[in-house]
Amino acid sequence: MTLRERLFHYSRLIRLDRPIGSYLLLWPTYWAMLIAAKGWTGWKIWLIFTAGVFVMRSAGCAINDFADRKVDGLVERTKQRPLASGIISAKEALGVFAVLIVIALLLVLQLNALTIGFSLGAVFLAASYPFLKRFTHLPQFYLGIAFSWGIPMAFTAITNDWPPLVAWVLLLANLTWTTAYDTMYGMCDREDDVLIGVKSTAILFGQYDRLMVAILQIITLLLWAWVGVLADLCLGFWSSLVIASGFFMYQHHLIRHRDRWKSLQAFLNNNWVGLVLFIGIALDYVWLC
């Protein structure tokens, strides 16, 4: 295998061809930066967090595929992944993970000591999440924590102080949102996961999966509303919340028959939810508030 071919397969390992996970990790980090700074943070912090999100998500994909290397080949959606198909080795996947963690460390060392301390939690969450699906039906909940950890880090990086209440409410909102959309993602693989013994909230919720997704989304909207009150946000944010509610209703239309690929489409639709909230918060700080 040539170096170019190997690098191509490494890019597939870290999902450069499927950046949706990076976007879903990026939006809440951007929300947090805007709220913490009450507007623009400056280029340094913005670039560090943007690069850090992509690096940590890539590292998470590498360690996830290492953890799932014996089961991905049994799942229709994942059987062509480079590690599952044998194109690259488990040692190579671990090597990619290690390199990415080193890059993430170099990025976070540009920030203050409190943020560096919080970053240790991010590494632990990213490294441990993929193994939980063997032991609990709640890996989506744990992923919600992992995908929310950039929120307190954004506040500590900007304020150099312990994150305030609004940061933790935003974290809780992102946790419930992540659990909801990752449950829809889990609905894509539910039949395969039951056969191979992999656990998920989609399996745990069973026939109540759509109801539980709806409850989680309602809680998310209420928590986002609390964030809006705590951060004194204005028309832009509240308008974006209405639009996000519309996207949630559209997602329920997509999953109404529990079709595998429609469920995946519903999951992907959450990128627009994150973007809309980002635009709403940005408009408030730039123009409306």
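Computed from the coordinates by the stated procedures, all read-outs in this text should not be read as laboratory data. Predicted model only: the values in this text are computed from it and were never measured. A quick note on method: Cβ atoms are made from the backbone with ideal geometry, for glycine too, and the neighbour counts reach across all protein chains shown.
Numbers at a glance
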| quantity | calculated |
| --- | --- |
| In segment 1-93, the GluC sites (Glu not before Pro) that fall in loop regions by DSSP, at most 15 other Cβ within 10 Å | GLU76 |
| Sites matching trypsin sites (Lys or Arg not before Pro) across segment 1-86 that sit in DSSP coil, with at most 14 neighbouring C-beta atoms within 10 Å | LYS38, LYS70, ARG77, LYS79 |
| Trypsin sites (Lys or Arg not before Pro) restricted to DSSP loop in segment 212-277 with at most 11 other C-beta within 10 Å | ARG256 |
| Dipole of segment 113-250, positive direction: furthest Cα of THR201, MET184, LEU216, with charges on the beta-carbon | THR201 |
| Mean separation of Cα contacts under 8 Å (6+ apart) over length of the chain, as relative contact order % | 20 percent |
| Simple Cβ-charge dipole of the chain, Lys/Arg +1 and Asp/Glu -1, about Cα centre, in debye nearest 20 | 540 debye |
| Simple label model, 7 Å out from Cα along Cβ direction - LEU16 to LYS79, nm | 2.8 nm |
| Non-local Lys pairs in the chain, i.e. 8 or more apart or on different chains, that have alpha carbons under 17 Å apart | 5 |
| For segment 139-240, diffusion coefficient by Stokes-Einstein and Kirkwood Rh (Cα), 37 °C, 0.692 mPa s, µm²/s | 221 µm²/s |
| Isolated Cys in the chain, by beta carbon distance under 4.7 Å | CYS61, CYS188 |
| Phi to ³J(HN,Hα) by Karplus 6.51 cos²θ - 1.76 cosθ + 1.60 over segment 169-181, Hz, x for Gly, Pro | 5, 5, 4, 5, 4, 5, 4, 5, 5, 4, 4, 5, 6 |
| Stokes-Einstein translational diffusion, segment 3-288 - Kirkwood Rh over all Cα pairs, 1.567 mPa s, 4 °C, in µm²/s | 67 µm²/s |
| Fewest-first sequence of MET33, MET249 by Cβ atoms within 10 Å of each Cβ | MET249, MET33 |
| GNM top mover of ALA84, ALA62, ALA167 - the chain, alpha-carbon springs below 10 Å | ALA84 |
